[in-house]
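Trainee: Before anything else, here's the structure in question.
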Amino acid sequence: MFDLVHKNKRLMQIVLAVVALPFAFWGIDSYQRVMGRAGEVAEVGGQKIGEEEFSEALRQQQDRLRGMLGRNFDASLLDSPAMRREVLEGMISQRLLMMHAARNYLTVSNETLVETTMSIPAFQVDGKFSRERYDIALQNERMSPEAFDAALRRDLMVQQLSGALSDSGFVSKAAAGQFAALRAQQREVSEHRVQADAKRVQIPADSIRAFYDSNPARFQVPEEVQVEYVLLSADALMASEQVDPAEATKAYEANLSRYGEPEQRRASHILISVKSGASEVEKRKARERAEGVLAKVRATPGSFAELAKKESGDPGSAAQGGDLGFFSRGMMVRPFEDAAFRLKPGQISDVVETDFGFHIIKITGVKPGKMKTLDQVRPELERELKKQQAGRRFAEAAEAFSNLVYEQSDSLKPAADRFKLTVQRAQGVTRQGSGVAALNNPRLLAALFSDDAIKNRRNTEAVETSPGNLVSARVLAHKAASLRSFEDVKDSIARQLAQQEALAGARKQGAELLAELKKGDASKTSFDAAKLVSRDDPKGLPAAAVSQIFSVDASKPPAYAGAEAGDGYSIYRVSQVIDIMPDEARQKAVQSELGRASGAQEFKSFLDGLRADAKVDINRESLERKVQ
């Protein structure tokens, strides 16, 4: 039972990867917009996952990893078969969930759709929804608001289903209490360590030689090349860019909403709600009711709050007399926003219709906007303009650079001269990697070890080793793989074999001592100072040792347990057991943790069932094909 959560950590990570909405940004409906037809990586229940779609998913995952790891990011992570398979499995699971949601007519309300859209960081400025940012983002993706809403609604339906399943795990309060108590239990432990001493071990010369002859792969010196290379970088181009002051002024004026606090309004409203899909008759009745409420408000404006509490269908604001707090443009649906920003303080609107129903709006406060001057935002603005200009220059230069290193393939100097680049050198480059970050790319390394690069000394193709960095390299010298001589490695082999033998001896001695202790003979063993350990607080002891310490029967102390250690063998004496009843907060935390693990297992079982019912075919050749 104690391994339940630990064993399910990986499972829960997979569940989170499937359940999480792809809002970081884009991913929403991306599978609909990049359905490649050149080939198929998989087919799920008759729906195809194309190579282009799979490549896009890999690139999105690469972007997420780059954002998390920064300079530590290694693009080769996604070139491993395990990572490619994991990404595909996530896509298959999401597709299965989407199909199930569609078959079972799961729906998402307009209210949830609007709320989720407004919470997407890509649509926000300073933590608040920006309609301008929303419009720009959709334009950049060549996506209409209707298409976005439809895609988001589908993704929310999938999350609704998967979230319900993963949150369904349940563990009783009694079981959680027992589990928490066992985790909190303390045992007084002292340790005796049998240390491996390799200095006392002598390895015969013939054993050293036999090990060398039997393990030639261990002593291979990998094939390597010495290369020269040129790097075309968008960052370097950006450093040389100059910004026309007139362009900065123009950009500032075109984006005024970014450089200040917009005007905010505080409003109260009374909502006569209308259900999604309501008939015209139902809408007409709701409007008539709203007109009646408006007549009452007009007759006695001071009764607005009381009428809101009584009549409003908005549960979030009705109890506060309809108060919505302060908001700026872009935070409310368009008809509501337009009406609110036309009114003066204290004014009451006519009936305003939105997708939620019919509103009566009263403005209760106004906060004027505050703007930053051009001089205040100039550094930020110029950085953005330089980045845009460098991006355009890089896109133009990349094609010319690629053509030049290909057409004049016997030297990198023409490309270096044309783009004012420095030809740099690197040694000790192997098929597995390079110490130079610019070269440490699987595609470039493969090109460097091709016959054309090694035998003909031609430039490699220009490879984008990371976003905004294009590299071409040329082999100057090649050294074939070789076997290190016995004389070079015999001392290290002797040390390795001595350490192995010393470890084996220490572990044998430790096991013998443990057997004697369990028989009652403690005359040969001394222990260090005792300390209290628990499963929750193991005091630095390795997991294998903790498992043995809490597995031993300590009802009649002392009790003894043993575990192999990296440098020998450790024996643990358990001299006391202290039972501790955790507080209610800890019990609830454990119950929640166990519930999540149980829910994750249920969710996996549900996915397994969906997969068993649907025909899933994976094209292994396409799966293993590298992203170009």
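Each reported figure results from applying straightforward, stated rules to the coordinates on display, with no laboratory input. A quick note: this is a predicted structure, and the numbers were derived from the prediction, not measured. Reconstructed Cβ throughout: ideal geometry from the backbone, glycine too, with neighbour counts over all protein chains shown.
Trainee: What is the angle, in °, between the Cα long axis of helix 9-19 and the longest principal axis of the Cα atoms in the chain? Nearest 10 is fine, range 0 to 90.
Mentor: 30
Trainee: Around Pro262, with a cut-off of 13 angstrom between Cβ atoms, what is the net charge of the other residues, counting Lys and Arg +1 and Asp and Glu -1?
Mentor: With Lys, Arg at +1 and Asp, Glu at -1, the neighbours total +4.
Trainee: Continuing with the same structure: Using Cα pairs closer than 8 Å and at least 6 residues apart in sequence, work out the relative contact order for the chain, in percent.
Mentor: Normalised by residue count, the contact order of the chain is 27 percent.
Trainee: For Lys519, give me every one of the aspartates and glutamates with a C-alpha distance below 15 angstrom, ignoring sequence neighbours fewer than eight places off in its own chain.
Mentor: Straight-distance partners of Lys519: Asp553.
Trainee: Please determine, in degrees from 0 to 90 and to the nearest 10, the orientation of helix 131-140 with respect to the longest principal axis defined by the Cα atoms of the chain, where the helix direction is its Cα long axis.
Mentor: Between the helix axis and the principal axis of the chain, the angle is about 60 degrees.
Trainee: Taking Cα centroids, how far is segment 170-241 from segment 536-567 in Å?
Mentor: Here the answer is 23 Å between Cα centres.
Trainee: Round to a whole angstrom and tell me the spacing of the C-alpha centers of segment 313-352 and segment 106-122.
Mentor: Centre-to-centre distance over Cα atoms comes out at 19 Å.
Trainee: Next question. Where Lys and Arg each count +1 and Asp and Glu each count -1, what net charge lies around Ala251 among other residues with Cβ under 11 Å from its Cβ? List each step's numbers first, then the result.
Mentor: Values: positive: Lys250, Arg258, Arg378; negative: Asp244, Glu247, Glu253, Glu380, Glu382, Glu384.
My count for the surroundings of Ala251 gives -3.
Trainee: Further question: Hey, which lysines would be in cross-link range of Lys48, C-alpha to C-alpha under 24 Å, not counting anything within fewer than 8 residues on its own chain?
Mentor: Straight-line reach from Lys48, under 24 Å: Lys604, Lys615, Lys626.
Trainee: I'd like the distance between the alpha-carbon centres of segment 387-412 and segment 573-609, rounded to an integer number of Å.
Mentor: 57
Trainee: What ³J(HN,Hα) values, in whole Hz, does the Karplus curve 6.51 cos²θ - 1.76 cosθ + 1.60 give for segment 340-347 when θ = phi - 60°, with x put for Gly and Pro?
Mentor: Working through the residues one at a time gives 5, 8, 8, 7, 9, x, x, 6 Hz.
Trainee: Which whole-number percent is the relative contact order of segment 263-368 (Cα, under 8 Å, 6+ apart)?
Mentor: Across segment 263-368, relative contact order equals 44 percent.
Trainee: Can you check what the net charge comes to around Glu291, using other residues whose Cβ is under 13 Å from the Cβ of Glu291 (Lys, Arg +1; Asp, Glu -1)?
Mentor: Residues near Glu291 contribute +3 overall.
Trainee: Residue-wise, which Karplus ³J(HN,Hα) couplings in Hz belong to segment 155-160, taking 6.51 cos²θ - 1.76 cosθ + 1.60, θ = phi - 60°, and x for glycine or proline?
Mentor: 3J(HN,Hα) across segment 155-160, in whole Hz: 5, 5, 5, 5, 5, 4.
Trainee: Within the set Lys199/Lys518; Lys344/Lys367; Lys309/Lys362; Lys420/Lys479; Lys531/Lys588, which residue pairs have Cα atoms separated by over 19 Å?
Mentor: Lys199/Lys518; Lys420/Lys479; Lys531/Lys588
Trainee: Go through 146-157, 345-356, 214-225 and give me the packing order, highest mean Cβ count within 10 Å leading.
Mentor: Put in order of decreasing packing, that is 146-157, 345-356, 214-225.
Trainee: May I ask you to list the aspartates and glutamates whose Cα is less than 16 Å away from that of Lys128, ignoring any residue fewer than eight positions away on the same chain?
Mentor: Here the aspartates and glutamates satisfying the reach criterion relative to Lys128 are Glu115, Glu261, Glu263, Glu337.
Trainee: Compute the acute angle (0 to 90°) between the alpha-carbon long axis of helix 584-613 and the principal axis of greatest extent of the alpha-carbon atoms of the chain; round to the nearest 10°.
Mentor: Helix 584-613 and the main axis of the chain meet at about 90 degrees.
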